[in-house]
Amino acid sequence: MASGILGQSAPAANTNTTVYTVPASTLAVVNISVVNRGGSAATVKLALSATGTPAADEYIEFDTSIASTSVLERTGVVLQATKNVVVHSSTADTSISVYGLESAA
C-alpha cells in the first residue's frame, strides 16, 4: 500500500478537481493541505465525496477564505474505499496536496 504523497494538483479556477481517490478495498488516513500562492485571498470548497461532483452533505469546508500566501490544513482524515478528495477554488493560484497512508480494508 502507498504512503507519502498520494495526490497533488494546481487546479484551474472555479472547477471541481479530484485530487485523490482511495483505491478499491483500501482505507486511507490522509492530511490535506491547500496553499494559496496568489496575491489575494482565495475562496475554497473541500469535499470528501462519492463522485467528482460533491453533494451538499459531502463538504468539509465551504467558501472558506484563505489569505494570500496562507494555508488551510485538515489532518487525520479517514476515508473508505473509492472516496474522492475534491477541491474547488476561486483562483488558479492554489496548490493542493493529499498525503498519508493507505491500508488494505
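Laboratory data are not the source of any read-out in this text; all were calculated from the coordinates shown. The structure displayed is predicted, hence computed values, not measured ones. Ideal geometry is used to build each Cβ from the backbone, glycine not excepted, and the neighbour counts take in all protein chains shown.
Each residue of region 28-33 was assigned a 3J(HN,Hα) from its phi angle through the Karplus curve 6.51 cos²θ - 1.76 cosθ + 1.60 (θ = phi - 60°); the sequence is 10, 10, 10, 10, 10, 10 Hz, with glycine and proline shown as x.
Model label sites at S70 and A105, defined 7 Å from Cα along the beta-carbon direction, differ in position by 3.6 nm.
In this simple spin-label approximation, S25 and T51 carry label points 7 Å from Cα along the Cα→Cβ vector, and these lie 2.7 nm apart. This model, with +1 at the C-beta of Lys and Arg and -1 at the C-beta of Asp and Glu, gives the chain a dipole about its Cα centre of some 120 debye. Panel order for E73, E102, by other beta carbons found within 10 Å of each beta carbon, from fewest to most: E73, E102. Given their separation in residues at 0.36 nm each and the Cα-Cα distance between them, S33 and S95 gain 21.5 nm when the chain is fully extended. Projected onto planes of every orientation and averaged, the convex hull of the alpha-carbon atoms in region 3-104 covers 5.5 nm². Residues in region 75-105 near a label at A2, defined as backbone nitrogen under 11 Å from the 7 Å Cα→Cβ point? Hits in region 75-105 for A2 at 11 Å: 98-102. Packing, as the average of other Cβ atoms within 10 Å across residues, places the peptides 32-44, 86-98 in the order 86-98, 32-44, highest first.
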